[in-house]
Amino acid sequence: MPSHDVLIIGAGLAGQRAALAAAECGATVAIISKVHPVRSHSVAAAGGINAALNPEDTWESHAFDTVKGSDYLGDQDAIEIMCREAPGEILWLEHAGVTFHRNESGHLGTRAFGGASAARTYYVADITGHAILHVLYEQLMKQGQLVDRYEEWFTTDLLQDDHGRCIGAICRNLRDGQLEVFNAKTVILASGGAGQVYKPTTNGLIVTGDGIAQAFRIGARLMDMEMVQYHPTTLAGNGLLITEGARGEGAWLLNAEGDRFMEQYAPNKLELASRDVVSRAEQTEINEGRGFEDGTVALDITKVPRRRTLEALREIVNIGRDFAGVDITREPIHIRPGQHYIMGGVKTDTNGLTTIPGLYAAGEVACVSVHGGNRLGANSLLDTLIFGRRSGEHAAKQAAQIPMPTTPSSRVDETQANIDAIVGREPGGRRIAAIKDELGEAMNEYCAVFRDADGLAKAHEIVRRLKEEAPKAAIDDRGSVFNQDVIGAIELGYMLDVAEAIVVASLERKESRGAQFRTDFPERNDDEWLKHVDISANGADVPKVSYSPVTITRWEPEERTY
Amino acid sequence: MPEYTLRIRRYDPQAGEAAYWDEHQVELGERSSVLDAILKVRDERDGSLGIRCSCQQAICGSCGVRMNGKPGLACNTHLEEAARRGHGTGWNPPEEGQRNTLITVEPMGNMPVIRDLIVDMDAVHWTKIRRVTPWLINKEPVPEREYVVPHDNMVDVTQTMACIQCGACVSDCLSMEIDPLFVGPAALAKAYRFVGDPRDAEQFERLKDLSEDEHGIYDCTHCFNCIDACPKGVDPMSQIMRLRRIAGSDHEIKDRNNGYRHEHAFVKNIRRNGLLHEADLLPDSYGGKLHPNAVPELVSSLPTVLTALARRKVTPAKALLHQHKAPKEVKRIFDEIEGREERVELNLYVTGYEDAPEHAEGEHGAGEREPPEESSQPEPSVPSGEPEAPTGPPDKSPTYPGPGEEGSERDERSERDESGDSPSESEDA
């Protein structure tokens, strides 16, 4: 039975950063991931990572932009920490080997990004997440003696002792289907977001909200779950992401009439207003009939010098060519808002600690909350690294003070029985994919850029019905070697839990703020709603709602225009 | 919508049965991906079909498979393209004048299959990656702020950094097929990522290590398969050639595999003859016909020579008397290149895309763009390197002045021109 001081679940940027930090603090560390670490969805982050590293820039400016971007729902103490520590993190990455873009003098160069008052986004072409993730994995290989890697192991349950403290997890080795108890003094969830709850989404197929649901099921509070980011530039149909870096480099948004419509919605920042603002503007254009027939507007990257596009936006040149048949250096590409990120997640403090003792969370699975109602582009990589590191450090220090807990290995029998029940299902249920598609389409229809009470109620009804259908969904694979069918069934359950939390929170917040725009409550209402909506489990019933205050340190809410 | 037949290689280690082919008709648009088709089968008909996949946008590197014999990512290979562009095993060419709609999908090669389309990447690919000390060894002192390094240098290593570790190049590496211990294209490209990084302190040690390893940089046979396979333009073979150039020319690493001497013998041979004189090459690589090291090599290559004679690949006259003499033009090229103060590394990843290329727009569909046409040097070295591969010892063909960079140009072209697999077709025949 493996036992470690710190057990990390998920090996994207947050998880790997946490593992390296915990190991550096002297803890024994295991990192578990259902996919090989470099397949984690952090790999798809394109545009860059924010930091006020340039001497003319200040962390206060970065923090204010983030607060404003969050529509004043972000917790300012956490935002201050993130922005203050950002420059050091960039340099740490640079020294670890990230091939950041250099300017002509050979120093780190930046690009502009949405909602930012200075160009403070550091980048590697448009593969920044990829470049950082692979470098962290290099470091993880280097620390092979200190960090045990369990690649392609799927976590099924978080374990708790009698006092509710999290003391490890049960995981299934995908190679042979064996279950194993992992004892741990502290557990860090770093398993990413939940994009697959929506269809389409920019997120990969593995992004199924596992950690959010696992924490929720053992009683952790979720926060800001209504805040779901629609990215302004995703491809129609398949939902693939066109990086904000394109607009950062100077691309324009045009409606079908050829108007640069952002002039009306954000006269100062134009295309580089915050994402919620741009997405809403696009959706308004489309809804009011000024979009193209396929329900899109155009992103004109030909405004960017071709040579610059080919160097700095290489990946979207390929995406345009391979997935839309468009040469973006020569013609505009049709795009629309698409689900991209969830600001909400497992509620944590600034050390990553959740409301469950011994359980931490970092990255998209968590809600610190630094993003509040709307995340700024290039702040998510920063979030994963800063709070991944802080969680790793704090968990390691905590672990040094407590004895190793143990869980009887017979505890796997319970999990085994659940899995056997899935494998042994009667044939004839709906297909997992059909349930998942219905869920994703409903969420994308009713819980998207614009929402109202009727639509959300419909979405809730659908989610409740699918929750009844899911446990009977058809299973074809009865084996134990890479049985992805069984994993799909378990993930479907996670996604439905997360979907319900999103819908319930969206119904609860009766105002418009950040990514949540309620057409039935179109104004921001600081008097009643300058607070977080928390969601917690309530057995099989509809989750419970509670509130927590927003931390304000120095920036009082103001009207928000770009 | 067109209909395609997917023939998927299935294997269930628990069934106690051999691998078999599983056929499905799938109706999807021709620009849908092979992965779309596979997922349609899995979602709608058979949930037990095993494949790793996630991002569906060619960045996570999970879905490497062979499609009609050619390795690549299932997610960025269009169905129509896969149907048309097969080669190698698993490719079922259509009857004359017929449109092929059959797409075989198999697990990648050179790695053990775990189940269906899932291979054991760790046993092969990642083990080799770990072989090359795959992390930055910082130059001391580590600066307080960032290392100051040239812009182009960072773009240059970003090419190998762009590798997504999908394994497509490993799948079809011919050298690895012969020598499973070959460090291989992906890991050597990873090695270049550090060798080419000015922040790394151990360029020489890394190169020395990979030169002295008999499964290292001189084990590559220049077959271009990895360049053809790579979905990200990493050009592994080009990176291997750059490792050789830096090892041989900058550090003069005279390895025990004789890679260095072979390279120099080859260059000398071409300089003198214009066309390769094979009978001289081997002894010259070992210090000349009379050199004590050359004798056993000559003796050991006799069976190969005899076979070649028997098959009339060479005649005794041709083998011994090489009448071709290098024309002045060849000498001029040599003088020009060797007269340069610094070696010019033409990396099209850094320099290759000029604004507004001259040829007509849209002529070749959306994605076509060609780098400026300038260098036409690869011809002498590439074809002459090839015939060696099947018969002789591991190829130690020349690299001066740069077939590698030329490779990236080829790659750009073949990647975009869906019908053109020309660079590697001959090897696979």
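With Cβ to Cβ distances under 12 Å as the rule, what net charge do the other residues near A:GLY358 carry (K, R +1; D, E -1)? The partial results should precede the final answer.
Working: positive: A:ARG165, A:LYS185; negative: A:ASP5, A:ASP161.
Taking every other residue near A:GLY358 into account, the sum is 0.
Report the rotationally averaged projected area of chain A based on its alpha-carbon convex hull, in square nanometres.
Over every viewing direction, the Cα hull of chain A projects on average to 24.1 nm².
If the limit is 29 Å between Cα atoms, which of B:LYS128/B:LYS313; A:LYS347/A:LYS510; A:LYS347/B:LYS40; B:LYS70/B:LYS128 go over it?
Pairs exceeding 29 Å: B:LYS128/B:LYS313; A:LYS347/B:LYS40.
Are there any GluC sites (Glu not before Pro) in the range A:94-191 that are in a DSSP loop and have at most 13 other Cβ atoms within 10 Å? List them by number.
In loop regions of the range A:94-191 (DSSP not H, G, I, E or B), the sparsely surrounded GluC sites (Glu not before Pro) are A:GLU104.
At 7 Å along the Cα-to-beta-carbon direction for both A:GLU528 and B:GLU17, put a label point, then send me their distance in nm to one decimal.
Rounded to a tenth, the inter-label distance reads 6.4 nm.
Counting only C-alpha contacts under 8 Å and six or more residues apart, can you give the relative contact order of chain A as a whole percent?
Working: 1371 pairs, mean separation 124.7, N = 562.
Taking the mean separation of contacting Cα pairs over the length of chain A, I get 22 percent.
How many Cβ atoms of partner chains, on average, are near each residue of B:142-151 if near means within 10 Å of its Cβ? Before the final figure, lay out the partial values.
On the way: counts 3, 3, 1, 8, 13, 8, 5, 5, 4, 9.
Mean shielding by partner chains, rounded to a whole number: 6.
Which of the residue pairs A:LYS34/B:LYS139; A:LYS269/A:LYS303; A:LYS436/A:LYS458 have a Cα-Cα distance greater than 24 Å in the structure shown? The partial results should precede the final answer.
Details: A:LYS34/B:LYS139 35 Å; A:LYS269/A:LYS303 17 Å; A:LYS436/A:LYS458 16 Å.
Beyond 24 Å between Cα atoms: A:LYS34/B:LYS139.
Label A:GLU288 and A:ASP476 with points 7 Å out from Cα along Cα→Cβ: what is the distance between them in nm?
About 4.8 nm separates the two model spin labels.
Rounded to the nearest 0.05, what FRET efficiency do B:GLU3 and A:ARG465 have when you use their Cβ-Cβ distance and R0 = 35 Å? Working shown, then result.
Working: r = 34 Å, r/R0 = 0.98.
About 0.55, to the nearest 0.05.
Computed over the Cα atoms of the protein assembly as shown, what is the ratio Rg over Rh, Rh following Kirkwood?
Using only Cα positions, Rg/Rh for the protein assembly as shown is 0.98.
Which residue, A:GLN264, B:LEU302, A:GLY10, has the largest displacement toward the positive end of the dipole of the protein assembly as shown when charges sit on each Cβ (Lys, Arg +1; Asp, Glu -1)?
Positive-most Cα among the choices belongs to B:LEU302.
Residues of the range B:202-218 with amide nitrogen under 20 Å from the 7 Å Cα-to-Cβ point of B:ILE337?
Counting only backbone N, you get B:218.
I need the P(r) histogram for the range B:264-338: all alpha carbon pairs, bin width 10 Å from 0 out to the longest distance, whole percents.
19, 42, 30, 9, 0
Place a point 7 Å from the Cα of A:HIS107 along the Cα-to-Cβ direction; which residues of the range B:143-161 have their backbone N under 15 Å from it?
Flagged as within label range: B:144-151.
Report the label-to-label distance for A:ALA400 and B:GLU140 in nanometres (one decimal), using points 7 Å from each Cα along the Cα→Cβ vector.
That separation, rounded to one decimal, is 2.6 nm.
So which GluC sites (Glu not before Pro) in the range B:37-126 end up in coil per DSSP with only 10 or fewer other C-beta atoms within 10 Å?
Answer by residue number: B:GLU95, B:GLU96.
Which of the GluC sites (Glu not before Pro) found in the range B:138-229 are in a DSSP loop and have at most 12 neighbouring Cβ atoms, other than their own, within 10 Å?
Loop-located and lightly packed - B:GLU144.
Explain nothing, just compute: Karplus ³J(HN,Hα) = 6.51 cos²θ - 1.76 cosθ + 1.60, θ = phi - 60°, for every residue of the range B:305-321 in order, whole Hz, x for Gly and Pro.
Working through the residues one at a time gives 4, 5, 4, 4, 5, 4, 8, 6, 6, 9, 10, x, 5, 5, 5, 9, 10 Hz.
For A:PRO2, what charge total do you get from the other residues with a beta carbon under 12 Å from its beta carbon, if Lys and Arg give +1 and Asp and Glu give -1?
On the way: positive: A:ARG149; negative: A:ASP5, A:ASP148, A:GLU180.
Around A:PRO2, the surrounding residues sum to -2.
Assuming 1.306 mPa s and 10 °C, estimate D for the range B:183-271 with Stokes-Einstein, Rh taken as the Kirkwood radius over Cα pairs, in µm²/s.
Reported coefficient: 120 µm²/s.
What does the charge count around B:ARG10 come to, taking other residues whose C-beta lies under 11 Å from its C-beta (Lys +1, Arg +1, Asp -1, Glu -1)? List each step's numbers first, then the result.
On the way: positive: B:ARG7, B:ARG9, B:ARG115; negative: B:ASP12, B:GLU17, B:ASP22, B:GLU23, B:ASP46, B:GLU106, B:ASP116.
After counting each charged neighbour, the total is -4.
Each value in this text was obtained by applying a stated rule to the coordinates, not by laboratory testing. None of the values given here were measured: they were computed from a predicted structure. Here the Cβ is made from the backbone with ideal geometry for all residues, glycine too, and neighbour counts use every protein chain on show.
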